[in-house]
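Asks: Let me begin by handing over the structure; questions about it come next.
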Amino acid sequence: MKKIKKGELDSLCIYRGVLENPAVKAAAELISCDDEKKGEKYGELFCALADAGAEENLSGYIASLVLSDDNPFSRRSAFGKQCSESLLSGVSHDLKILQELANAKPEEIYENAHSENLPLWKNGSAPEPLGNGDWSKEAKELWDYHKKNSYGVFAKYKAFSWRNGSLEPIGCTNPIKLEELKSYEYQRGLVVENTINFIEGLPANNVLLYGDRGTGKSSTVHAILNEFADRGLRMVEMPKSAICQFPALIKILSALPLKFIVFIDDLSFSAGDDSFAELKAALEGGLSARQANTLIYATSNLRHLVREKFSDRDGDDLHSGDARQEQMSLSDRFGLSVTFVNPDRMKFYDILDGIAADRGLEVDAEELHAKGEKWALERGGRSPRVAKQFINVVEASIKRGLDW
């Protein structure tokens, strides 16, 4: 691999967004600056790499910037559109230069790096589809990658939060996997099948997961994302307070070549809540209703989503029965409602055993059950959440050599 030359990075024509990265910008300045400033610019480059956690693998870091760049090639690829020969030529040109940077050793960019005892980065390996071959020949593989994983921020992140009228990426998500969740196999199976139908372009329903607290409703949704993110599934967490902005969110998502689950956690309404009608329209019937690439998955502790008081049954509503039917109609608009209830004693024991086995804990089953039952009763009842919390205590005690 030849040494990168002065001004080459500035000649990027498709991946110009990569130039905005602090490390790449510092590298470009180091390559182009006068000799007396090279020591200073080298320090800026290494600091930028360290700040990004890339000092141990420059190649992998540059490759990740390429894979998550938002440019004409990645956008056309994501939508499955053909690319012109001129565009592909530009892609090959840029990838050749970026690979030269990715493989550049410290002394190839600043020849005094060793003699001045400066900290040195390592090059490492690049992720697929780029790998360690010739990047300039990987346009077809990159086209396939973007067709599957989309482009820009949607290729880099799998989860987003709707805040202040815009999508904000979520860097750290719950890593829970479906196989880590114990019991409720039937309930989760319904959600999994619905999600598979959705990502395969088949008819699918909005989903309401309701029931007792701590039974794994939210964890099921998180695990669904982890299971299917590599098949083009993304998730947007929307707070109940932002439901009135649903049309604005749908306008953004409908223009993207991915499948999105809009996730509303712990959903409930009080009487007279304005967002009640907004969600009804979003689920079904509104002019700005959801598009084919979006579904709504919501969790709630309430079957009909509306908090009722005895006083609500009185009042001056002339047709109180109709009013109650209106309140119950929202949950009916979720095509799939899945119920999660607290486990009985034996099922709770199975959950305890399963979590302990996953963590490799060698414990006496009878003792685990007895103490787990006591722990649950002290916390108001059995649930998978309580079981996990108890196993946390058991595992920590064992590792510290303490009685549990």
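The values are calculated or read from the model by the stated rules, or taken from the named source; none is laboratory data. Computed from a predicted structure; not experimentally measured. Please note: Cβ atoms are built from the backbone with ideal geometry, for glycine as well, and neighbour counts cover all protein chains shown. Accessible surface areas use protein heavy atoms only, side chains included; no ligands, DNA or RNA. Shrake-Rupley method; radii C 1.70, N 1.55, O 1.52, S 1.80 Å.
Asks: What figure in square angstrom, to the nearest 10, would you give for the accessible area of residue 394 with a 1.4 Å probe?
Replies: Around 0 Å² of this residue is reachable by solvent.
Asks: Using unit Cβ charges (K, R positive; D, E negative) and no other charged atoms, how large, in debye to the nearest 20, is the dipole of the stretch 113-217 about its Cα centre? Let's see the in-between values first.
Replies: Values: 13 positive and 13 negative charges, 58 e Å.
Here the size comes out at about 280 debye.
Asks: What translational D, rounded to a whole number of µm²/s, comes out for the chain from Stokes-Einstein when the hydrodynamic radius is the Kirkwood one over Cα pairs, at 20 °C and 1.002 mPa s? All intermediate terms of the calculation are to be shown ahead of the outcome.
Replies: Working: Rh = 25.0 Å.
My calculation gives 86 µm²/s for D.
Asks: In the stretch 28-83, how does Rg compare with the Kirkwood Rh, expressed as the Rg/Rh ratio over alpha carbon atoms? Please report the intermediate quantities before stating the final value.
Replies: Working: Rg = 15.9 Å, Rh = 13.5 Å.
When Rh is taken as the Kirkwood radius, the ratio is 1.18.
Asks: To continue, here is another question. Heads up, I need the accessible area for residue 166: 1.4 angstrom probe, whole protein in place, Å², nearest 10.
Replies: Its heavy atoms expose roughly 50 Å² to the probe.
Asks: Can you report the principal axis dimensions of the stretch 18-57 using only the alpha carbons, biggest first, rounded to whole angstrom?
Replies: Projected onto the principal axes, the Cα atoms of the stretch 18-57 cover 28, 19, 13 Å.
Asks: When N is the residue count of the stretch 50-108, what does its C-alpha Rg come to as a fraction of 2.2 N^0.38 Å?
Replies: With N residues counted in the stretch 50-108, Rg over 2.2 N^0.38 Å equals 1.33.
Asks: On a 32 Å Cα-Cα criterion, which of the cross-link pairs 41/148; 259/347; 6/148; 137/259 come out too long?
Replies: Details: 41/148 38 Å; 259/347 35 Å; 6/148 35 Å; 137/259 30 Å.
Distance filter (> 32 Å) returns 41/148; 259/347; 6/148.
Asks: Still on this structure, please answer the following. Using 7 Å Cα-to-Cβ label points, what is the residue 341/residue 118 separation (nm, one decimal)?
Replies: 6.9
Asks: Follow-up. How large a share of the accessible area of the chain, in percent, is made up of carbon and sulfur atoms when the probe is 1.4 Å and the other protein chains stay in place?
Replies: Details: 9890 of 20450 Å².
Solvent-exposed carbon and sulfur of the chain make up 48 percent of the total.
Asks: With every protein chain left in place, what is the accessible area per residue of the chain in square angstrom, probe 1.4 Å? Present the calculation step by step, with values, prior to reporting the outcome.
Replies: Details: 20450 Å² over 404 residues.
For the chain, the solvent-accessible area averages 51 Å² per residue.
Asks: Let me ask another. Relative to the compact globular guide of 2.2 N^0.38 Å, what is the alpha carbon radius of gyration of the stretch 328-404, as a ratio?
Replies: 1.38
Asks: Could you sort 146, 114, 93 by their accessible area in this structure, using a 1.4 Å probe and putting the largest first? List each step's numbers first, then the result.
Replies: Numbers: 146 0, 114 100, 93 80 Å².
Accessible-area ranking of 146, 114, 93, largest first: 114, 93, 146.
Asks: By how many degrees, between 0 and 90 and to the nearest 10, does the Cα long axis of helix 139-149 differ from the longest principal axis of the chain?
Replies: Tilt relative to the chain: about 20 degrees.
Asks: Using the Kirkwood formula on the Cα atoms of the stretch 175-273, what hydrodynamic radius do you get, in angstrom to one decimal? Numbers along the way, then the final one.
Replies: On the way: mean 1/r = 0.0678 Å⁻¹.
Over the stretch 175-273, the inverse of the mean reciprocal pair distance is 14.7 Å.
Asks: Here's a follow-up. Could you sort 375-383, 205-213 so that the peptide with the highest average Cβ count within 10 Å comes first and the rest follow in order? Mind showing how you got there, number by number?
Replies: On the way: 375-383: 15.9, 205-213: 21.7.
The densest-packed peptide leads the list: 205-213, 375-383.
Asks: For q = 0.20 Å⁻¹, what log10 I(q)/I(0) does the stretch 1-99 give under the Debye formula with an equal point scatterer on each alpha carbon and no solvent?
Replies: Result of the Debye calculation: -1.03.
Asks: Right, next: By how many degrees, 0 to 90 and rounded to 10, does the Cα axis of helix 38-51 deviate from the longest principal axis of the chain?
Replies: Around 20 degrees separate the two axes.
Asks: In the calculated pair distance distribution of the stretch 91-182, what percentage of Cα-Cα distances lie above 18 Å?
Replies: Details: 2787 of 4186 pairs.
It works out to 67 percent of all Cα pairs.
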